[in-house]
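The values are calculated or read from the model by the stated rules, or taken from the named source; none is laboratory data. From a predicted model like this one, the values you see are computed outputs, not experimental measurements. Virtual Cβ from ideal backbone geometry, glycine too; neighbours counted across all protein chains shown.
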């Protein structure tokens, strides 16, 4: 017989679907890894092809809502697409022209700022700010130069010190460059511009084509990758389009609301080329995390060069800090929050990866491209690991995360997670949906033989510490319960539970430490419901100890089991308690329902208890019920009929 330290091991066929939802682990197979590696290699070596296509696809996502909006006014599709594309690329061209003009003006004024920079360097030097470091570096450089000069051989000698003949003075040579032909001059000027112009033209053509043939491309894509599962493919396309388009639009609005105050503020402060810095702030803020820092460096350096004092620098720094705080804490959460579905670490990793892959333009496209990868992982099982790695959704269910913290012996973080859950839920929901399912995972590990006694003890102690840490929440909910009863304001959605006022319930763990922890949770919920709950250890109901239990004043007894196959044990415990106190209500809570019973009524009759519960709600209702206790039934016995002794056989008298 397979037994453990906590009693007989349950059947390996224990089902926990009704209590503990199981999530399958994303499988990363060799074909998937090979596909990912081949895709990355293709993107790297074919960036001249894929980069314009990626930009065109993202622009299509961004401009598609505008085309749809224009179509609502009965505008033909071709006209709507052409108008949208012309407006978008005209805005981009105007932006580039303004930036180029401002950069030209700034380059022409740079020599005027040299005197201010030299004056500030003298001020820093006179104030002895960083003098030690500057002087040490200067002396180090001087010594290195002297060492290099000392090792150089004297003029007229070779490295061995042998005198050489004086060298002949070289003849002057004059290089006469040939005159360039007009065609060569034109090629020199226009040549560097051809590649970006050609790339821009390709992007425009591809965007127009995608917007015009959007439905046809969508159908072809579905036929190519997901015709057998139209529901999933359609959902993936809609999710990707919504996330990417919404991200680009919302990010553009955020950047505009960030750039306008920056530009106006710099103009008021007096920083030259304020329009340029406002436009650069708008673009650089598409770069996650480091974009605003880069956008602030240039105006700060220019303010340092322009102003003889330090006032302009301080005001510029204060402007960027204030606007950044307002944008991060007010505007962004209000507009889109974390709708991209990316974790902060994923944004950083994506920025590094796409910059390595495609350079600065890849850095600008890193977030929307990674959003597409997360959507792919969310809807395609083979790439589910992408959603796990980069997604913002928790990868562990709440009860799994709690059990992991209890396994690690960290009840403090477990309490933190519980308090986060209790912000929007009550103690009842936390214990029923998170804590008891976490203990059920521990019971399953114990049954599988992967949890030793020390680890089981650690989990049980952590759970008891968690219950103690949440005691104040139980007191607060008990006070709220009293206020609601006084005001007679009950919601229609609340479960109609019996009143716990004046009732005392004894809660006992059925077979071990984990059962005791679940019984402690039940006791705390009963306390929050207005009852008086007492907790007894498992050994208190052993055959030699049950007589010492004090049953006076008890309304009922509730025995908690995580092991659903402990029916026989529960039957014996109920019988012992009812023999000690015949009028006492005794119920059993099986948090994992047993397999071998079809209904709670049959299970209740089999155990001869007053109630059977599988949820906290049922356990509280049964423990506080005013129904009369079920009488104990006589134990079934097999009566064997005694056989009458056989009559001894007598031998016939022998005749003489």
- Query: If you check residue 576 against the conditions, is it within 45 Å of the chain's Cα centre (by Cα) and assigned by TED's automatic domain parsing to the domain that holds residue 453?
  - Reply: no
- Check 580, 528 and return the single one that is in contact with a helix residue (DSSP H, G or I) (Cβ under 7 Å, 6 or more places away or on another chain) and surrounded by 23 or more Cβ atoms within 10 Å (Cβ to Cβ). 528
- Could you check, for the stretch 187-207, whether at least one of its residues is over 28 Å from residue 102 (Cα atoms), buried (at least 17 other Cβ atoms within 10 Å of the Cβ) and modelled with pLDDT of 75 or more? yes
- So which residues in the stretch 306-320 are farther than 24 Å from residue 257 by Cβ, in contact (Cβ under 8 Å) with a residue 24 or more places away in the chain and surrounded by fewer than 20 Cβ atoms within 10 Å (Cβ to Cβ)? 306, 308
- Residue list for the stretch 69-91, restricted to those being assigned to a helix (DSSP H, G or I) and surrounded by 14 or more Cβ atoms within 10 Å (Cβ to Cβ): 70, 71, 77, 80, 81, 82, 83, 84, 85, 88, 89
- Task: Check whether at least one residue in the stretch 432-441 is in a helix (DSSP H, G or I) and within 30 Å of residue 240 (Cα to Cα), and report yes or no.
- Result: no
- Note on the structure: Counting only residues that are in a loop (DSSP other than H, G, I, E, B), surrounded by fewer than 12 Cβ atoms within 10 Å (Cβ to Cβ) and at pLDDT below 80, the stretch 22-49 contains a total of 6
- Task: Return a yes/no flag: does the stretch 553-562 have any residue that is farther than 30 Å from residue 426 by Cα and at pLDDT 80 or above.
- Result: no
- Query: Among the candidates 70, 43, 58, which residue alone is under 22 Å from residue 280 (Cα atoms) and either touching a residue at least 60 places away in the same chain (Cβ under 8 Å) or in contact with a helix residue (DSSP H, G or I) (Cβ under 6 Å, 6 or more places away or on another chain) (or both)?
  - Reply: 58
- Message: Given the criterion touching a helix residue (DSSP H, G or I) at 6+ places or on another chain (Cβ under 6 Å), farther than 30 Å from residue 350 by Cβ and surrounded by fewer than 17 Cβ atoms within 10 Å (Cβ to Cβ), identify the matching residue among 409, 449, 462, 442.
- Response: 409
- Task: Confirm whether residue 424 is surrounded by fewer than 17 Cβ atoms within 10 Å (Cβ to Cβ) and assigned to a helix (DSSP H, G or I).
- Result: no
- Matching residues, the stretch 564-573, being within 46 Å of the chain's Cα centre (by Cα) and at pLDDT 80 or above: 566, 567, 568, 569, 570, 571, 573
- Query: Which of the residues belonging to the stretch 593-603 are surrounded by 19 or more Cβ atoms within 10 Å (Cβ to Cβ) and in contact with a strand residue (DSSP E or B) (Cβ under 8 Å, 6 or more places away or on another chain)?
  - Reply: 603
- Task: Could you tell me whether any residue of the stretch 590-605 is at pLDDT 80 or above and in a strand (DSSP E or B)?
- Result: yes
- Would you be able to say whether some residue in the stretch 556-571 is assigned by TED's automatic domain parsing to the domain that holds residue 534, free of Cβ contacts under 8 Å to residues at least 40 places away in the same chain and surrounded by 15 or more Cβ atoms within 10 Å (Cβ to Cβ)? yes
- So, of the residues in the stretch 442-460 that are without any contact (Cβ under 8 Å) to a residue 24 or more places away in the chain and in a helix (DSSP H, G or I), which turns out to be farthest from residue 513 (Cα to Cα)? 445
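Conditions tested, residue by residue: (1) without any contact (Cβ under 8 Å) to a residue 40 or more places away in the chain; (2) in a helix (DSSP H, G or I); (3) closer than 30 Å to residue 372 by Cβ; (4) assigned by TED's automatic domain parsing to the domain that holds residue 369.
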position	(1), (2), (3), (4)
248	no, yes, yes, no
263	yes, yes, no, no
268	yes, yes, no, no
276	no, yes, no, no
280	no, yes, yes, no
297	yes, yes, no, no
